[in-house]
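Have a look at the structure below before the remarks.
The values are calculated or read from the model by the stated rules, or taken from the named source; none is laboratory data. None of the values given here were measured: they were computed from a predicted structure. Cβ sites come from the backbone with ideal geometry, for glycine too, and all protein chains shown count toward neighbours.
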Amino acid sequence: MLPTERQEYSAIVDRPPLALPGGNKIIFWSIVNLEVWDISRPMARQVIPAPTGQVLLPDVPNWSWHEYGMRVGVWRFFDLYKRLGLRPTLSINARVCLDYERVAAEARDAGWEFMGHAYEQMPIHKVDDQRGMIHRSMDLLQSFTGKRPVGWLGPGLTQTYETPELLAEAGVKYIGDWVYDDEPTVIRTGKGPLVTLPYSVELNDIPMMIVQHHESAYWKTRVMDQFKRLHQEASDRPKIIAVAIHPYISGQPHRIRYLEEIYQEVAGYDGVLHWNGEQIYDWYNSIARVHP
Amino acid sequence: MSGPPPGGMLPGERIAFDPIEGRAKKHLPGGARVAVWVIVNIEEWNPLQTMPRTVLTPPAGGAPMPDIPNWAWHEYGNRVGFWRILRVLDTMGVTAALAINGSAISAYGPIARAAHDRGWEFIGHGFSQRNMQKVPDEPEDIRLTTAAIAGFCGTRPRGWLGPGLTETWQTPEHLVDAGYDYVCDWVLDDQPVTLRTRRGPLANVPYTQECNDVAMMLIQHHKASEYRDRAIDQFDCLAADATADDSARVMALVLHPYIMGAPHRLRYLREALAHIKASPDAVFMTGGGILDWWRN
């Protein structure tokens, strides 16, 4: 189905406001992304293009750049969230549970929410058997954590026109790919409805640092500008702010302080709930009754 | 190709070189020096075509279809961002111009109604957001766009902005045929100019690539505050230029809901407008009003 067949255009000002428990104003949703970059294929992103600009295989320097995140960077995240007492959402390629079991187990044992994020990092359009890949990923995450994920994020947020049906069929309840609102919404699929949660490509270290090439400190400036505006608007209707990070980017020594300072500054505001995707979904579903 | 095809003209045939130095003096109402116009662009991105812009490329590059994340990123502007921008413009008392794809009038009815209720000027902006050179029948595209706006507003649009400012060699002729008074694609001056076409004259009202959130945020990748800083610098310089030669200038400020309507960027739009609004040198108008003033 086309996106316009899955939902009707809806202006946010025409909807009744939702309400958060306890009179809270804003949900802060932290998402850590863990991926597998297969050395036999072109790398998902590049920090340094090869001389002459051509894609050469194997691409060892860019593979190593990403691998640093799994060896070192992600442990800065674990340390930060342990100190904060937060359990973020983990958007995880299922193959991470096999190739980097140590990392996946650390997140599982810390009680993080596991969100499906394909089997490995490549556009979903290039996956030969999409249905098989989705089921394989969901099954693997379920067997690793003991619980079937309720959420899904496409690799690079990619979908084909059939993806929502395949996700609903595999038991997914919410997706993060539709970054088109400040609130959860419901979309139609041939296999029942899906909830969309407002993930972010604005507060996301890939567009900001790798595509737009902003300075490290601008991460904090943009996130806090976004937070302050949404917190102000939340006196009229609750808002959700999503912040998406990758260990090979935000886990770098020169960037981690700006992430830490965001949480310090946000702690000074009232009405903030640090919820993961499943908690946001459960709250929204209890109001909208999308799924039984 | 050595020259334009029959029916078209080269830029140099449409307008002679004319430096701003030494031109006849023009005076704005109330002793203002700069006519400032704010153009809000409303587009409909067809999910069956390649997205006009992207915020996120797919892993390992390429342009796979469909492109849901970038479609959704733009759609955010129409569901949420526009309404945030509207509040700022309402608070500032700014009547803006709405450059709108013809198809967006029905796709985003609440936006068209909000703009019309406030007396904004509607400007044709192609029927859908795609390069005019890729549109199979350009006169028909212009006709459909004009009809969509006229049907909704009750009056025909006077101004036109090509999608991405794109034109074919014959666009100015087609616009004159369709009854347009002015175009905005010729970003070559700080004052209105007149273009020759084979169907009679067509004015151009200054638009901008410089104070334009697409160029600044998506192409040049500046941080959000640069929008404010650049707009202020632009305005101050134009006011000084106009004061120095006792004449007037036009300043355009361009925004798109999916860019400046993001929560983290909005304050910089507000702060830019607050600076301009506070200056006795500024008068807010829209394209049609600027053209009428220019022609006296």
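If you check residue B:103 against the conditions, is it surrounded by fewer than 22 Cβ atoms within 10 Å (Cβ to Cβ) and either within 8 Å of chain A (Cβ to nearest Cβ) or modelled with pLDDT of 95 or more (or both)? Here the answer is yes, as residue B:103 does meet what is asked. Per the listing B:248, B:224, the residue uniquely buried (at least 21 other Cβ atoms within 10 Å of the Cβ) and either charged (D, E, K, R) or within 14 Å of chain A (Cβ to nearest Cβ) (or both) is B:224. Restricting to the stretch A:234-257, what's the tally of residues that are surrounded by fewer than 21 Cβ atoms within 10 Å (Cβ to Cβ) and under 19 Å from residue B:263 (Cα atoms)? Residues meeting the conditions: 3. Scanning the stretch A:36-54 for residues being without any contact (Cβ under 8 Å) to a residue 24 or more places away in the chain and surrounded by 14 or more Cβ atoms within 10 Å (Cβ to Cβ) gives a total of 3. Taking each residue of the stretch B:269-286 that is at positive phi and assigned to a helix (DSSP H, G or I) and looking for partners that are small (Gly, Ala, Ser) and modelled with pLDDT under 95 with beta-carbon atoms closer than 8 Å, six or more apart or interchain, yields nothing. Within the stretch B:38-87, can you find the residues that are buried (at least 21 other Cβ atoms within 10 Å of the Cβ) and of a type in the set (Gly, Ala, Ser)? Scanning the stretch B:38-87 gives B:72, B:77, B:81. Kindly check whether there is at least one residue in the stretch A:44-53 that is part of a helix (DSSP H, G or I), within 14 Å of chain B (Cβ to nearest Cβ) and closer than 22 Å to residue A:152 by Cβ. Checked the stretch A:44-53: no residue is part of a helix (DSSP H, G or I), within 14 Å of chain B (Cβ to nearest Cβ) and closer than 22 Å to residue A:152 by Cβ. Every condition in (1) touching a Lys or Arg at 6+ places or on another chain (Cβ under 6 Å); (2) crowded, with 18+ Cβ neighbours inside 10 Å is met by residue A:113 except one, and the failing one is (1). The residues on offer are A:247, A:155, and the sole one that is out of contact with any Lys or Arg (no Cβ under 7 Å at 6 or more places or on another chain) and either over 21 Å from residue A:80 (Cα atoms) or free of Cβ contacts under 8 Å to residues at least 12 places away in the same chain (or both) is A:155.
Limited to the stretch A:198-208, what total is found for residues that are more than 10 Å from chain B (Cβ to nearest Cβ) and surrounded by fewer than 21 Cβ atoms within 10 Å (Cβ to Cβ)? Residues flagged as more than 10 Å from chain B (Cβ to nearest Cβ) and surrounded by fewer than 21 Cβ atoms within 10 Å (Cβ to Cβ) within the stretch A:198-208 amount to 0. Pairs are defined by a Cβ separation below 7 Å, a sequence spacing of at least 6 or placement on different chains, a first member in the stretch B:148-170 that is surrounded by fewer than 17 Cβ atoms within 10 Å (Cβ to Cβ), and a second member that is of a type in the set (Ser, Thr, Tyr); the pairs so defined are B:156/B:146.
Is the stretch B:10-30 home to any residue that is outside any helix (DSSP H, G or I), charged (D, E, K, R) and within 29 Å of residue A:241 (Cα to Cα)? Scanning the stretch B:10-30 turns up no residue that is outside any helix (DSSP H, G or I), charged (D, E, K, R) and within 29 Å of residue A:241 (Cα to Cα). Kindly indicate whether any position in the stretch B:134-145 is within 14 Å of the chain's Cα centre (by Cα), assigned to a loop (DSSP other than H, G, I, E, B) and not aromatic (Phe, Trp, Tyr). No, the stretch B:134-145 contains no residue that is within 14 Å of the chain's Cα centre (by Cα), assigned to a loop (DSSP other than H, G, I, E, B) and not aromatic (Phe, Trp, Tyr).
Restricting attention to the stretch A:120-151, and to residues there that are in a loop (DSSP other than H, G, I, E, B) and in contact (Cβ under 8 Å) with a residue 60 or more places away in the chain, which single residue is farthest from the other protein chains (Cβ to nearest Cβ)? Among them, the one singled out is A:150.
The criterion of at least 1 residues that are more than 26 Å from residue B:82 (Cβ to Cβ) and among the hydroxyl-bearing types (Ser, Thr, Tyr) is met, among helices (runs of 4 or more DSSP H) falling completely within the stretch B:149-262, by B:171-177, B:225-244.
I'd like to check something: does the stretch A:221-231 contain any residue that is more than 13 Å from every other protein chain (Cβ to nearest Cβ), touching a helix residue (DSSP H, G or I) at 6+ places or on another chain (Cβ under 7 Å) and in a helix (DSSP H, G or I)? The answer is no; no qualifying residue exists. Condition first: β-branched (Val, Ile, Thr), touching an Asp or Glu at 6+ places or on another chain (Cβ under 8 Å) and within 14 Å of chain B (Cβ to nearest Cβ). Can you find one or more residues in the stretch A:257-278 that meet it? Looking for residues that are β-branched (Val, Ile, Thr), touching an Asp or Glu at 6+ places or on another chain (Cβ under 8 Å) and within 14 Å of chain B (Cβ to nearest Cβ), one finds none in the stretch A:257-278, hence no. Of the residues B:261, B:287, the single one that is under 23 Å from residue A:220 (Cα atoms), of a type in the set (Gly, Ala, Ser) and buried (at least 21 other Cβ atoms within 10 Å of the Cβ) is B:261. Scanning the stretch A:118-155 for residues that are at positive phi and crowded, with 23+ Cβ neighbours inside 10 Å turns up just one, A:118. Quick check on this structure: which one of A:186, A:195, A:211, A:172 is more than 12 Å from chain B (Cβ to nearest Cβ), of a type in the set (A, V, I, L, M, F, W, C), under 19 Å from the mean Cα position of the chain (by Cα) and surrounded by fewer than 20 Cβ atoms within 10 Å (Cβ to Cβ)? Only one candidate passes the filter, namely A:186. Every listed requirement among (1) in contact (Cβ under 8 Å) with a residue 60 or more places away in the chain; (2) assigned to a loop (DSSP other than H, G, I, E, B); (3) away from chain B (no Cβ under 13 Å) is met by residue A:69 save one, (2). Total residues in the stretch A:65-113 satisfying the condition of being farther than 16 Å from residue A:245 by Cβ and among the aromatic types (Phe, Trp, Tyr): the figure is 1. Could you list, in sequence order, the residues of the stretch A:78-110 that are without any contact (Cβ under 8 Å) to a residue 24 or more places away in the chain and either of a type in the set (Asp, Glu) or buried (at least 20 other Cβ atoms within 10 Å of the Cβ) (or both)? Passing the criteria: A:79, A:101, A:109.
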